[in-house]
Amino acid sequence: MFSNLRKFGVNHKKISILHVSNMCCSKIKASLKRLKPYMPLGRSYSSLPGLVGNDIKSLHSVISPPIAKIRNIGIMAHIDAGKTTTTERILYYSGYTRSLGDVDDGDTVTDFMAQERERGITIQSAAVTFDWKGYRVNLIDTPGHVDFTLEVERCLRVLDGAVAVFDASAGVEAQTLTVWRQADKHKIPRICFLNKMDKTGASFKYAVESIREKLKAKPLLLQLPLGEGKAFKGVVDVVSKEKLLWNRPSEDGKDFERKPLLETSDAELLKATAEARNDLIEQVADLDDEFADLVLGEFSENFDLLPTEKLQAAIHRVTLAQTAVPVLCGSALKNKGVQPLLDAITMYLPSPEDRNYEFLERVSRLLLPFADQHIEIPSLTAGNIALTVGLKHTATGDTIASSKSSALAAARRAEREGEKQHRQNSEAERLLLAGVEIPEPVFFCTIEPPSVARQPDLDYALKCLQREDPSLKVKLDPDSGQTVLCGMGELHIEIIHDRIKREYGLETYLGPLQVAYRETILNAVRSTDTLDRTLGDKRHLVTVELEVKPIETSSVTPVIKYAPSVSEDLPKVSQEAIENGIHSACLQGPLLGSPIQDVAITLHSLIIHPGTSTTMISACVSRCIQKALKKADKQVLEPLMNLEVTVMGDYLSPVLADLAQRRGTIQEIQTRQENKIVIGFVPLAEIMGYSTVLRTLTSGSATFALELCNYQAMNPQDQATLLGRRSGLNQGL
């Protein structure tokens with residue numbers, strides 16, 4: 001997979017991160033993304049991390065800085081909250097780049113794919129490494145679009161901390177909730193950065209309250225804004241009681257003033273800041289016993305005497321414990337507030353040793369990326385992120401070890417230590433990483449090469465893309481023999497189609513985009529089947545009796561049960577054959593050929609003639625289930641999407657009328673500054689092409705976000721219409 005390590009104009013690889021934590025099995029994500037070379041953009045880069053002016057640090061300090069000085073972080077947010085712009089400013093102020101890139105100009109460091117530059121969005125995660133005030137920071141810029149949620153998932157599982165970026169005029173948005181839940185799942189400490197404080201309608205108070213209400217988090221206000229909207233000019237550091245002002249002469253934001261608040265010139269601001277600092281101290285004291293003892297003892301009479309360093313240390317502990325989240329603010333686009341964010345990253349987010357892993361590992365052929373150079377290194381110490389080459393069989397979610405024996409030995413050791421210390425989550429679980437949870441695709445379409453002779457090339461391209469993107473599924477239609485692409489959304493499939501053209505030189509043709517329905521049954525049905533075949537001189541005879549019935553709890557895979565008379569003497573090899581037959585039968589339902597879900601299958605009787613092959617057992621079970629499904633009352637299930645539309649009040653009525661025509665259900669309508677936020681549900685089949693319609697209805701002023709909610713039963717009328725349309729389509733073919 002990594003055999004062709006190709007250089008890119010600005011030489012940033014879209015990589016799945018090889019993250020070597022303090023453990024025997026490394027946190028590794030395959031793969032180095034296939035890249036089409038781009039024309040150099042004229043971006044200039046400063047010295048490598050570890051090089052200051054003409055002073056060269058030791059090679060060891062450059063390659064392997066002290067683990068306490070490493071920060072592995074991700075930038076996550078809703079689309080258009082300013083993640084990539086924030087990342088671009090971070091790289092500039094750290095000295096990594098010498099000029100500021102812009103998303104609209106298509107010249108940012110981390111968004112280098114042609115598709116990203118054309119659309120102004122992040123599609124694949126990108127990693128960059130830089131230094132800030134003696135700290136090594138490995139930063140991952142992640143996508144914000146719902147179609148690429150998996151990219152965020154597989155980055156967070158190898159990171160130690162994250163910066164959640166918010167649009168200060170919108171607060172918590174739909175995809176913010178999704179990425180926040182993902183960070184909760186992986187227990188990632190976070191910092192909140194309220195971006196776009198210069199934007200019309202920006203509200204620090206509103207954004208903080210939305211974090212408290214919607215994310216159920218406890219915000220720690222480390223800064224206060226100096227002005228909002230066009231009046232925004234800087235921030236107040238609540239911890240140190242200083243104001244930070246970005247002056248107009250400094251267009252790039254590198255130069256700013258840090259001044260203590262004085263009673264003589266800043267009386268009102270000093271009073272507000274003192275109150276905010278006291279509130280912060282009380283909040284932290286409630287969450288950290290060590291700090292509470294300090295406050296109640298030595299500084300109970302006067303909080304003003306509490307040293308800044310003591311408060312910062314307590315905030316660090318609270319952040320690591322994930323009992324609260326520090327909140328900062330600024331405007332990345334206007335070059336204000338990014339340097340204090342960098343300080344907060346190094347001060348409050350954890351180092352790899354804070355994440356408490358206990359082993360080391362060695363991986364062959366490692367490369368450390370430094371801007372336009374790669375340094376090959378013999379080994380990598382805990383906590384670092386690097387590139388690797390030559391891995392041809394790895395995939396996202398794999399845990400890689402030097403040998404099976406070393407992995408098993410480490411796992412046994414971890415289990416022993418886990419039992420000895422009575423830990424709820426054993427060290428083995430943390431050592432051998434769980435695979436990434438890959439969401440099921442909701443759209444599919446056929447894809448054809450320009451000629452039959454190019455089919456192998458298409459198969460190769462799709463194989464490579466699937467390894468890079470596990471949320472992309474490819475299957476073969478058994479009836480037509482066509483290749484079928486299954487993806488997370490219209491944009492997802494569009495990007496895949498474009499990448500095949502640009503990166504593999506294939507002009508492919510896509511069929512109509514279709515919704516991935518599912519099927520279930522409404523009543524219990526029993527069925528019996530016998531398979532009797534003679535192959536050569538050998539007779540294969542199987543008789544099966546089973547029951548298929550609906551279940552109330554949602555289950556994508558069938559729940560398999562055995563009657564007591566069957567389970568008593570059932571050989572393991574026969575059980576595997578039975579379950580293979582069950583899963584095979586549930587891949588295609590009788591109505592649309594869609595997967596069957598929400599069913600339980602009970603095997604009541606199984607008679608196997610001696611010498612019957614397991615293949616025949618599977619075939620008989622599968623055929624018996626298909627008979628039962630055809631006899632049952634059947635139901636089509638359609639994907640239901642969570643929908644959030646942000647629209648100006650003047651356009652609310654036509655938007656609601658349009659959603660009603662799309663079988664949408666409105667849950668609530670919120671007010672956010674001058675906008676209305678419509679929250680509800682809508683069937684996925686009714687939302688295709690919605691972005692174009694919404695732009696037309698609102699003169700381009702509205703935005704929307706979608707996320708899969710669940711699968712729900714279609715009403716009889718809509719189901720009959722769908723089946724009739726599919727039947728006509730099949731007859732036409």
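The values are calculated or read from the model by the stated rules, or taken from the named source; none is laboratory data. Please read all numbers here as calculations on a predicted model, not as lab measurements. All Cβ positions, even for glycine, are placed from backbone atoms using ideal geometry, and neighbour counts span all protein chains on display. Surface accessibility is based on the protein's heavy atoms, side chains included, excluding ligands, DNA and RNA. Shrake-Rupley method; radii C 1.70, N 1.55, O 1.52, S 1.80 Å.
Residues in region 202-217 that are buried (at least 17 other Cβ atoms within 10 Å of the Cβ) and touching a helix residue (DSSP H, G or I) at 6+ places or on another chain (Cβ under 8 Å) were compared, and the one that is nearest to Thr273 (Cα to Cα) is Ala202. Within region 250-273, one or more residues are open to solvent by less than 60 Å² (accessible area, probe 1.4 Å), part of a helix (DSSP H, G or I), within 24 Å of Ala217 (Cβ to Cβ) and not charged (D, E, K, R). Among the residues of region 493-507, those identified as open to solvent by less than 10 Å² (accessible area, probe 1.4 Å) and within 12 Å of Asp457 (Cβ to Cβ) are Ile500, Leu506. Taking helices (runs of 4 or more DSSP H) as the structural unit, those lying wholly within region 279-348 and holding at least 1 residues that are closer than 19 Å to Ala168 by Cβ and either of a type in the set (Val, Ile, Thr) or in contact with a helix residue (DSSP H, G or I) (Cβ under 6 Å, 6 or more places away or on another chain) (or both) correspond to 338-348. Listed conditions (1) touching a residue at least 60 places away in the same chain (Cβ under 8 Å); (2) out of contact with any Lys or Arg (no Cβ under 8 Å at 6 or more places or on another chain); (3) within 30 Å of Arg695 (Cα to Cα) are all met by Gln635, apart from (3).
Here region 163-187 is the region considered, the condition is being closer than 24 Å to Glu353 by Cβ and at pLDDT below 90, and the residue that is most open to solvent (accessible area, probe 1.4 Å) is Lys187. Residues of region 355-367 that are at pLDDT 60 or above and open to solvent by 70 Å² or more (accessible area, probe 1.4 Å): Arg365 alone.
Residue-by-condition table, conditions (1) touching a residue at least 24 places away in the same chain (Cβ under 8 Å); (2) open to solvent by less than 70 Å² (accessible area, probe 1.4 Å):
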| position | (1), (2) |
| --- | --- |
| Asp569 | no, no |
| Lys572 | no, no |
| Glu576 | yes, no |
| Pro590 | yes, yes |
| Gln597 | yes, yes |
| Leu603 | yes, yes |
| Ile617 | yes, yes |
| Cys620 | yes, yes |
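Scanning region 470-492 for residues that are of a type in the set (A, V, I, L, M, F, W, C) and either in a helix (DSSP H, G or I) or open to solvent by 40 Å² or more (accessible area, probe 1.4 Å) (or both) yields Val474, Leu476, Leu491.
Take the conditions (1) in contact with a Cys (Cβ under 9 Å, 6 or more places away or on another chain); (2) open to solvent by 70 Å² or more (accessible area, probe 1.4 Å); Ile625 misses just one of them, which is (2).
The single residue among Leu513, Leu506, Leu535 that is hydrophobic (A, V, I, L, M, F, W, C) and in contact (Cβ under 8 Å) with a residue 60 or more places away in the chain turns out to be Leu513. Quick one: would you say Lys185 is on the phi > 0 side of the Ramachandran plot and either under 16 Å from the mean Cα position of the chain (by Cα) or free of Cβ contacts under 8 Å to residues at least 12 places away in the same chain (or both)? Against the criterion (on the phi > 0 side of the Ramachandran plot and either under 16 Å from the mean Cα position of the chain (by Cα) or free of Cβ contacts under 8 Å to residues at least 12 places away in the same chain (or both)), Lys185 does not qualify.
Yes or no, residue by residue, for (1) surrounded by fewer than 18 Cβ atoms within 10 Å (Cβ to Cβ); (2) at pLDDT below 50:
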| residue | (1), (2) |
| --- | --- |
| Lys36 | yes, yes |
| Leu41 | yes, yes |
| Val52 | yes, yes |
| His60 | yes, yes |
| Ile63 | no, no |
| Pro66 | yes, no |
| Lys83 | no, no |
| Tyr92 | no, no |
| Asp104 | yes, yes |
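Going by the conditions given, is Val208 within 18 Å of Gln312 (Cβ to Cβ) and of a type outside the set (D, E, K, R)? No: the conditions fail for Val208. Does Ser240 satisfy the condition of being part of a helix (DSSP H, G or I) and in contact (Cβ under 8 Å) with a residue 12 or more places away in the chain? For Ser240, the condition - part of a helix (DSSP H, G or I) and in contact (Cβ under 8 Å) with a residue 12 or more places away in the chain - is not met. When Pro683 is tested against (1) closer than 27 Å to Ala168 by Cβ; (2) surrounded by 15 or more Cβ atoms within 10 Å (Cβ to Cβ), only condition (1) is not met. Scanning region 516-556 for residues that are open to solvent by 50 Å² or more (accessible area, probe 1.4 Å), under 22 Å from Lys631 (Cβ atoms) and within 32 Å of the chain's Cα centre (by Cα) gives a single hit, Glu552. Out of all the residues in region 549-568, which are in a strand (DSSP E or B) and within 19 Å of Ile607 (Cβ to Cβ)? Across region 549-568, the qualifying residues are Ile560, Lys561, Tyr562. Among residues of region 646-664 that are at positive phi, those with a beta-carbon under 7 Å from a residue that is surrounded by 15 or more Cβ atoms within 10 Å (Cβ to Cβ) at least six positions away or on a different chain give the pairs Arg663/Val682; Arg663/Pro683; Arg663/Glu686.
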